[in-house]
Every structure is written in structure tokens, then in C-alpha cells.
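S.K.: One structure, pasted below without further comment.
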Amino acid sequence: SWREIASAYAQACRGLAAAHRAEIVHRDFKPSNALVDEDGVVRVTDFGLAHATKDTPLDSAGTPAYMAPEQHRRAAVDARTDQWSLACALYEALHGYRPFAASDPTELAAKVIRGELAPEPADSPVPRRIRAAIRRALSTNPDDRFPSIDEFGAALTWTPRTPRYVLAGVVVLLVALVIVLAVSRRSEEAVCEDLDAPMRALWTPEARAELRTRLLMPSVRVAEATVDKT
């Protein structure tokens with residue numbers, strides 16, 4: 001699936017990023033140079049054409065189908081060259097054909113240098129976000145690509161997004177819940193109001209005075225101090 005492909009190439013990005021941190025440019029990334037081990041981890045291999053970034057080789061070494069524009073022009077290469085090659089391979093893996101179709105190496109180089117990218121399938125299931133990231137990495141000008149292959153790999157990491165209508169439904173539900181709680185609280189307050197009204201109607205000052213009088217009668221003999229606390 002496109003998710004599995006994007007995940008595998010995101011791992012390859014991390015492999016190349018490790019080389020870039022060591023100031024090494026692969027210069028020949030292609031599908032056959034990314035192997036999957038027994039644990040399902042992608043390993044970038046074959047550094048036979050690799051160069052230290054400080055050397056900036058000006059030759060056209062590499063596999064033509066996956067060579068960046070600067071390689072075809074025999075210009076200086078850097079870490080962004082590997083980014084282009086990986087994006088080229090990923091485009092092929094996702095869509096089933098290479099981004100630059102040509103009948104011979106000369107025509108291929110011309111299309112790559114001009115940036116004549118083949119159109120993507122109209123019914124591609126690949127999200128626009130990922131397709132846009134690949135197109136950016138395939139920019140003819142290295143400055144227009146991602147600043148690092150780590151950032152390109154991050155753009156390939158797919159994160160499920162909750163549909164907007166689901167989020168809207170959750171918001172509506174929360175608002176409704178708040179309203180229900182507010183109404184319920186007000187109803188409870190209303191129910192508790194005047195609960196002592198019947199008692200106030202019966203326990204009047206007159207009733208209290210009459211009870212005091214009876215409690216102080218000799219036949220009852222309740223202490224006055226106790227009666228006054230009642």
C-alpha cells in the first residue's frame with residue numbers, strides 16, 4: 001500500500017540522514033540500494049560512489065534514471081542531491097512509473113534538467129500532502145527542496161487525521177452537554193428553593209412562645225435554660 005511504501009522510504013531518509021551527518025553524500029540512491037532486513041528495517045547500502053561533502057565531485061557518476069539535475073549538469077552535489085534521488089525512486093514506487101520518461105539518456109537528462117515531471121495518476125490514493133512533498137524534493141533547483149532529508153522524511157510520515165465532520169460532531173456534542181448540565185444545575189437550584197416554606201409557616205413566633213410557656217409549666221418542669229435553646 002502507499003502507506004507501507006511511504007513508511008519504507010521515510011526509513012531510507014533516516015539512513016541517508018545518518019550519512020549526511022557524517023558529511024557523506026551517497027550520490028547513487030536507487031531502489032536496489034535500499035534493503036529490508038529480517039526485522040523489517042530499511043537499510044541504505046552500496047556507498048561505492050559516495051563522497052565527502054567537502055569534496056563536491058563534479059562528475060556524472062550515478063544511475064541515470066535516478067540522477068539529480070545537478071548530476072546531469074556535472075555541477076557540485078550535496079545532501080540535497082540524495083533527497084532528489086530518493087524522491088525519484090519514491091515517485092516510481094507509488095505510481096508505478098518513473099517521474100521522467102525518456103527513450104535515451106540524453107532525452108532523460110534534458111527532461112530532468114528542465115523539470116518536466118510526468119503527470120501523476122488522476123486516481124492516485126496517495127494524499128496530496130505527500131505528493132506535494134515529493135514534487136518539492138524533485139525541484140530542479142536544490143534551494144527549492146527541503147533543507148534536509150530529515151525534513152523530507154518527516155513530510156512522508158503519514159498521520160491519520162480525524163475528518164472535519166467528526167470533529168464538528170464532537171464539538172456540537174460537547175456544547176450540548178454543557179447546556180444540559182447548566183440547565184440541570186439551574187433546575188436543581190430551583191427545586192431547592194423554598195424547601196423550608198412549610199416549616200416557616202408552622203414555626204411562627206407565636207407558636208414558639210406558646211411552646212415555651214407549656215414547657216415551663218410546673219407539670220412539665222423543663223429547665224428554663226433548656227427551653228431557651230429550643
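S.K.: Output the residues belonging to region 146-167 that are part of a loop (DSSP other than H, G, I, E, B), open to solvent by less than 60 Å² (accessible area, probe 1.4 Å) and at pLDDT below 60. Steps first, please.
M.R.: So in region 146-167, the residues part of a loop (DSSP other than H, G, I, E, B) come out as 146-148, 157-163.
Adding the requirement that they be open to solvent by less than 60 Å² (accessible area, probe 1.4 Å) leaves 146, 148, 163.
Passing the criteria: only 163.
S.K.: How many residues does region 92-107 contain that are of a type outside the set (Asp, Glu), at pLDDT 90 or above and either part of a loop (DSSP other than H, G, I, E, B) or under 36 Å from the mean Cα position of the chain (by Cα) (or both)? Please lay out each step first, then the result.
M.R.: Kept after step one, since they are of a type outside the set (Asp, Glu), are these residues of region 92-107: 93-103, 105-106.
Okay, now just the ones that are also at pLDDT 90 or above, so 93-100, 106.
With either part of a loop (DSSP other than H, G, I, E, B) or under 36 Å from the mean Cα position of the chain (by Cα) (or both) added as a condition, the list becomes 93-100.
Residues that pass the stated criteria total 8.
S.K.: Being open to solvent by less than 40 Å² (accessible area, probe 1.4 Å), in a helix (DSSP H, G or I) and of a type in the set (Asp, Glu): is that true of residue 70 here? Lay out the reasoning, then the answer.
M.R.: Details: open to solvent by less than 40 Å² (accessible area, probe 1.4 Å): yes; in a helix (DSSP H, G or I): yes; of a type in the set (Asp, Glu): yes.
In short, yes.
S.K.: Condition first: open to solvent by 40 Å² or more (accessible area, probe 1.4 Å) and in a loop (DSSP other than H, G, I, E, B). Now tell me which residues in region 112-145 satisfy that.
M.R.: 116, 117, 119, 120, 122, 123, 125, 140, 141
S.K.: Mind checking whether some residue in region 32-50 is open to solvent by 40 Å² or more (accessible area, probe 1.4 Å), in a helix (DSSP H, G or I), touching a residue at least 24 places away in the same chain (Cβ under 8 Å) and out of contact with any Pro (no Cβ under 7 Å at 6 or more places or on another chain)?
M.R.: There is no residue in region 32-50 that is open to solvent by 40 Å² or more (accessible area, probe 1.4 Å), in a helix (DSSP H, G or I), touching a residue at least 24 places away in the same chain (Cβ under 8 Å) and out of contact with any Pro (no Cβ under 7 Å at 6 or more places or on another chain).
The values are calculated or read from the model by the stated rules, or taken from the named source; none is laboratory data. Every value quoted in this text rests on a predicted model; they were computed, and no experiment measured them. Don't worry about glycine lacking a Cβ; one is built from the backbone with ideal geometry, like all the others, and counts go over all protein chains shown. What goes into the accessible areas is simple: the full protein's heavy atoms, side chains included, and nothing from ligands, DNA or RNA. Shrake-Rupley method; radii C 1.70, N 1.55, O 1.52, S 1.80 Å.
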